[in-house]
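These notes are about the structure you will find just below.
The values are calculated or read from the model by the stated rules, or taken from the named source; none is laboratory data. Quantities reported herein were computed from a predicted structural model and do not represent experimental measurements. Here Cβ is always computed from backbone atoms with ideal geometry, including for glycine, and neighbour counts include all displayed protein chains.
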């Protein structure tokens, strides 16, 4: 696909690409707190503020809990809001993540994915965002800095859609993406500004039956974040689920619309298949690992092996239909989890994929590979080993060990 | 720094309630009175935020609300951060012309648990950043919403469900944290204490807190009959006794300069008018155990502490009596 507008190449790491996207999206309020490996994002944004390159109130809070809180209330007041964090900060925000989605505050947050303590570790894995998968946030995982840039821009348009009104996390693997320099193509500022547009508000029934915009407005007072008890709480939650389901369509639409101007697409915006049309076996993964897997798939294809890959770009809402369709012809699937669910049945992505496949007409073999915790590198040869395992499973027609660990001292 | 806003009881009575009746507060709830009085002080468009607590719970049971102004609650420990986000949004949206120009005030309400304990970090951060808002602490001296657990604001000797008066321990063993002094130490422009018995003083201080540029902190004494085991008809009387015994003196610190407010000045100028703390303590069930032989020493300690803090305050206000010669 060709871009319809002239784009500029900038040498940016993932964090810088995210900050650049937030700047172009004309955010009103950024409330944030520094934490590795996200810090470059808030540093960069502070520079934009200091140099007058943005019209943004930057609230440098005393904790991530307050950062998320300020984002929620700023968003409720009508501001486009952005923040960024990583593992310990995200964990500290945990309580407020549910409040953000429950208050229907369309906050956009970049998470430079990082391992959770203890032992303390600043490097990349998905433990942090996986622990928040049920917090009511849309979750998009980027494969590279380019996609991190593109996804942040799309995230505002998805989150603020009056039919969605849900907060969005864009995950980028700590250090692998956050700190690695790439040639990132950026669209002109005016094009982005037009694409994202100004924030729209849904109309709701307010005090005394009056129809008002859903925000804190002295002329049309609303009570936001009330106490809802046994008689109403459940309905609030069900509405969030409906919005999540609607988001499947909106994420695709926004992705396609953006592809029209940028010339870049990531599958359909939900799932990104690679050589799956005739693949017998496939690896499913999230984030930057997909790049390594693609290299291995290329090599295997050159050797005549029918290998493929499915990258889950949008993990929440989970695009079940897209996943089932993409895996229709695949006979053996290896799900890669960069996170553990202690005492559970494999990692979180494995849970969900195997669960979704239960309804598939033809059940492929599905096995789990836990990898890369605490930033441990995963090499092409290790990925190749996984495909070899899948080949063995297909030959033997049975799975011996459904949950394995990659590159781990046992 | 402040306007010459003056009001009469009639003005206040005629001003529409922004915190309206119909809420589910208990009989004799002073916090509800405090909220109503503070809301009488607003000067124009105002956005209110509430920490989790009694006042949030009683005033917004969906689908009802007692708030005739825009209001938001997010959680317990973050009233300061709530206000920060609202204030930042107003500033930038006005700069960008997305909302109408003109003053929009921000008021945050929180109880003692949400201020002394779990919320002090967010409050301290918001004040350090200099956001323009009024923070109102309604202090009923324990976690009343969850059933009377002790907080950093619970006074010495008070029985709560987590500092019960047992056979060996006479209620809370620790002192009440001097929260308003801690806020003065932030070098913020306006800090004051108030009591609903002195409603004119309270409303005036709330108005000053709203008018001042930058953060303001108003610490309001707010009896809770359920938690204090006191007669619901005596809440306002207790609000007076706390001032007359100098357990809760009324003062202002404008740019760090302490000055005693009129109701407390009475005791400063005529020390014989200062009542013994016993008069205040004996009408509350939470201090009942102190009036038994076993624990009566605690009464002396409470009197000693009250006098010590009162003397320190007088010094800060430049009202010390000349030192007696030996």
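Scanning for something within 21 Å of the chain's Cα centre (by Cα), surrounded by fewer than 21 Cβ atoms within 10 Å (Cβ to Cβ) and not assigned by TED's automatic domain parsing to the domain that holds residue A:139, does the range A:356-373 turn up at least one residue? Within the range A:356-373, one or more residues are within 21 Å of the chain's Cα centre (by Cα), surrounded by fewer than 21 Cβ atoms within 10 Å (Cβ to Cβ) and not assigned by TED's automatic domain parsing to the domain that holds residue A:139.
Taken together, the residues in the range B:108-140 that are in a helix (DSSP H, G or I) and away from chain A (no Cβ under 13 Å) amount to 4.
Within the range A:332-344, the set of residues being over 23 Å from the mean Cα position of the chain (by Cα) and either buried (at least 18 other Cβ atoms within 10 Å of the Cβ) or modelled with pLDDT under 95 (or both) comprises A:332 only. Checked against (1) without any contact (Cβ under 8 Å) to a residue 40 or more places away in the chain; (2) within 9 Å of chain B (Cβ to nearest Cβ); (3) part of a loop (DSSP other than H, G, I, E, B), residue A:26 meets all criteria but (1). Within 22 Å of residue B:194 (Cβ to Cβ), at the interface with another protein chain (Cβ under 8 Å from one of its Cβ atoms), touching a strand residue (DSSP E or B) at 6+ places or on another chain (Cβ under 6 Å) and at pLDDT 95 or above: does that describe residue B:60? Considered against the rule, which asks whether it is within 22 Å of residue B:194 (Cβ to Cβ), at the interface with another protein chain (Cβ under 8 Å from one of its Cβ atoms), touching a strand residue (DSSP E or B) at 6+ places or on another chain (Cβ under 6 Å) and at pLDDT 95 or above, residue B:60 comes out as no. A residue that is without any contact (Cβ under 8 Å) to a residue 12 or more places away in the chain and not assigned by TED's automatic domain parsing to the domain that holds residue A:137 occurs nowhere in the range A:256-276. Here is the figure for the range A:197-228: residues that are within 7 Å of chain B (Cβ to nearest Cβ), without any contact (Cβ under 8 Å) to a residue 24 or more places away in the chain and in a loop (DSSP other than H, G, I, E, B) total 5.
Restricting the range B:64-76 to residues that are more than 7 Å from chain A (Cβ to nearest Cβ) and farther than 20 Å from residue B:41 by Cβ, the residue that is surrounded by the most Cβ atoms within 10 Å (Cβ to Cβ) is B:76. When residue B:188 is tested against (1) in contact with a helix residue (DSSP H, G or I) (Cβ under 6 Å, 6 or more places away or on another chain); (2) part of a loop (DSSP other than H, G, I, E, B); (3) surrounded by 22 or more Cβ atoms within 10 Å (Cβ to Cβ), just one condition goes unmet, and that condition is (3). Looking only at the range B:93-119, residues that are surrounded by fewer than 22 Cβ atoms within 10 Å (Cβ to Cβ) and free of Cβ contacts under 8 Å to residues at least 60 places away in the same chain come to 11 in all. Scanning the range A:79-96 for residues that are buried (at least 23 other Cβ atoms within 10 Å of the Cβ) and either out of contact with any strand residue (DSSP E or B) (no Cβ under 6 Å at 6 or more places or on another chain) or closer than 18 Å to residue A:41 by Cα (or both) yields A:80, A:81, A:82, A:83, A:84, A:85, A:86, A:87, A:89, A:90, A:93, A:96. Of the listed requirements (1) surrounded by fewer than 24 Cβ atoms within 10 Å (Cβ to Cβ); (2) on the phi < 0 side of the Ramachandran plot, residue A:136 misses just one: (2).
If you go through the range A:154-193 and keep only what is in contact with a strand residue (DSSP E or B) (Cβ under 6 Å, 6 or more places away or on another chain) and free of Cβ contacts under 8 Å to residues at least 60 places away in the same chain, you end up with A:155, A:159. Going by the structure shown, is residue B:147 within 20 Å of the chain's Cα centre (by Cα), more than 29 Å from residue B:184 (Cβ to Cβ) and either facing chain A (nearest Cβ under 7 Å) or in a loop (DSSP other than H, G, I, E, B) (or both)? The answer is yes for residue B:147. Just one of (1) in a helix (DSSP H, G or I); (2) in contact (Cβ under 8 Å) with a residue 60 or more places away in the chain; (3) more than 14 Å from chain B (Cβ to nearest Cβ); (4) buried (at least 24 other Cβ atoms within 10 Å of the Cβ) fails for residue A:146. It is (4). Among the conditions (1) in contact with a helix residue (DSSP H, G or I) (Cβ under 9 Å, 6 or more places away or on another chain); (2) surrounded by fewer than 20 Cβ atoms within 10 Å (Cβ to Cβ), the only one that residue B:251 does not satisfy is (2). So, residue B:90, is that one at the interface with chain A (Cβ under 7 Å from one of its Cβ atoms), over 22 Å from residue B:32 (Cβ atoms) and not in a helix (DSSP H, G or I) or not? Criteria not met by residue B:90. For the range B:249-326, the helices (runs of 4 or more DSSP H) that sit wholly inside it and include 2 or more residues that are more than 29 Å from residue B:211 (Cα to Cα), free of Cβ contacts under 8 Å to residues at least 24 places away in the same chain and over 22 Å from the mean Cα position of the chain (by Cα) are B:297-316. Filtered by the rule that a residue be assigned to a helix (DSSP H, G or I), closer than 24 Å to residue B:85 by Cβ and in contact with a helix residue (DSSP H, G or I) (Cβ under 9 Å, 6 or more places away or on another chain), the range B:35-57 gives B:35, B:38, B:39, B:54, B:55. The lone criterion from (1) away from chain B (no Cβ under 14 Å); (2) farther than 17 Å from residue A:76 by Cβ; (3) under 26 Å from the mean Cα position of the chain (by Cα) left unmet by residue A:237 is number (1). Of the residues that make up the range A:3-15, is at least one within 14 Å of chain B (Cβ to nearest Cβ) and surrounded by 24 or more Cβ atoms within 10 Å (Cβ to Cβ)? No, that holds for no residue.
Candidates A:106, A:119: the one that is in contact with a helix residue (DSSP H, G or I) (Cβ under 9 Å, 6 or more places away or on another chain) and under 24 Å from residue B:83 (Cα atoms) is A:106. Among A:64, A:55, which is within 14 Å of chain B (Cβ to nearest Cβ) and buried (at least 24 other Cβ atoms within 10 Å of the Cβ)? None of the others qualify; the one that does is A:64. Taking the range B:150-170 as the range and being surrounded by fewer than 24 Cβ atoms within 10 Å (Cβ to Cβ) and assigned to a strand (DSSP E or B) as the test, only B:165 passes. If you go through the range B:39-57 and pick out every residue that is farther than 28 Å from residue B:3 by Cβ and within 10 Å of chain A (Cβ to nearest Cβ), you end up with 3.
Residues in the range A:286-304 include at least one that is more than 30 Å from residue A:101 (Cβ to Cβ) and in a loop (DSSP other than H, G, I, E, B). Screening residue B:267 with (1) closer than 23 Å to residue B:112 by Cβ; (2) crowded, with 20+ Cβ neighbours inside 10 Å gives one miss only, at (1).
In the condition set (1) out of contact with any strand residue (DSSP E or B) (no Cβ under 9 Å at 6 or more places or on another chain); (2) more than 8 Å from chain A (Cβ to nearest Cβ), residue B:105 is compliant with all but (1).
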